[in-house]
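Single-structure report; data block below.
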Amino acid sequence: GLLSPFVGEVFCGDVPPPYFGFPPPFNKYRPMRNRSGPANELHTQLEVCYEQWRALEKERKKTEADLARNFPGKRVSSSNNTPIPRLPANPSRVDRLIVDQLREQARVLTLIGKMERLRGAPVHANISTTLERHFEFIQVTQARRKDEIVNAANRQRQGAPRYNDDKDVLALAAAIKELGGITRKARTALWCALQMTLPKSSVGAPARQAELERALRELCNPVEGEVQGRGGDETPLRAELQPERTEEERPGPGREGQGEQDSRVSGE
């Protein structure tokens, strides 16, 4: 039979693989079980989103270390008292992803606040907007997961066929795909905040003006699969950035491994 427009949009479009600086090892992704098409799509997006979450965690730890090294004696820990929901009984990988994302988002937000105090000024508006959108996309994923659970329970009581679950699974997969995209942007936002916070005299930072401007501007682009218009407007950059540095002051190559992602994925 014909696919519905929603299903066709997911399966007829190109789903790009995650980017790696080198080919992934053999059998890096878990072998596929006897999953339906929608279940395969959900599995794929979970793997990619966990890649981005681990990359953000790695970037946050690196940022803490850079700040501690450049601001000795200052408290730059990302530890916080933000309440994080507990995992439900028998949690799925989606449930674990949501809790992991909430915990890391709170740590990143705490670290951004520390950087604002260190630099004595708010971070660039595009950075704040990106972190707000990151939290929003986590909430959207939570809502899609709740819809899946409630609707599946209702259909089970009514004796409806299982294939009716497909629409909810695809909606959840689409939300996780967007979450993976905004998680990558949150990593870029964290890097931008660090470059604007490090003292000018520190070796290798801040990044060159053009590179920093480009990264800040790209934060405004919609993530893959995002509904147009959800993102915020681009904020002018020049007024909030430091003047161009001379050739003698400029550091060596910018952020190493900027396009690379940590190749580890969470267990199922």
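Things to note:
- Available extension along the chain between Arg119 and Arg103 is 3.3 nm, counting 0.36 nm per residue and deducting the alpha carbon span.
- For the residues Lys177, Lys62, a 1.4 Å probe over the protein chains yields an accessible-area ranking, largest first, of Lys62, Lys177.
- Asn40-Lys200 FRET efficiency (beta carbon distance; Förster radius 35 Å; 0.05 resolution): 0.10
- Here, segment 29-167 is characterised by an Rg to Rh ratio of 1.08, where Rg is the alpha-carbon radius of gyration and Rh the Kirkwood radius.
- C-alpha center-to-center spacing [segment 98-146, segment 171-195] in angstrom: 10
- Accessible area of segment 41-100 divided out per residue, in Å², using a probe of 1.4 angstrom: 52
- The length gained by stretching the chain between Gln158 and Glu224 to full extension, at 0.36 nm per residue less their Cα-Cα distance, is 20.1 nm.
- Given their separation in residues at 0.36 nm each and the Cα-Cα distance between them, Ala143 and Gln209 gain 19.8 nm when the chain is fully extended.
- 23 Å Cα-Cα reach of Lys58 towards lysines, excluding residues that sit fewer than 8 places from it in its own chain: Lys28, Lys74, Lys114, Lys177, Lys185
The values are calculated or read from the model by the stated rules, or taken from the named source; none is laboratory data. Because the structure is a prediction, the values reported are computed rather than measured. Glycine also receives a Cβ, built like all others from the backbone with ideal geometry; neighbour counts cover every protein chain displayed. Please note that ligands, DNA and RNA were not included when accessible areas were found on the heavy atoms of the full protein model with its side chains. Shrake-Rupley method; radii C 1.70, N 1.55, O 1.52, S 1.80 Å.
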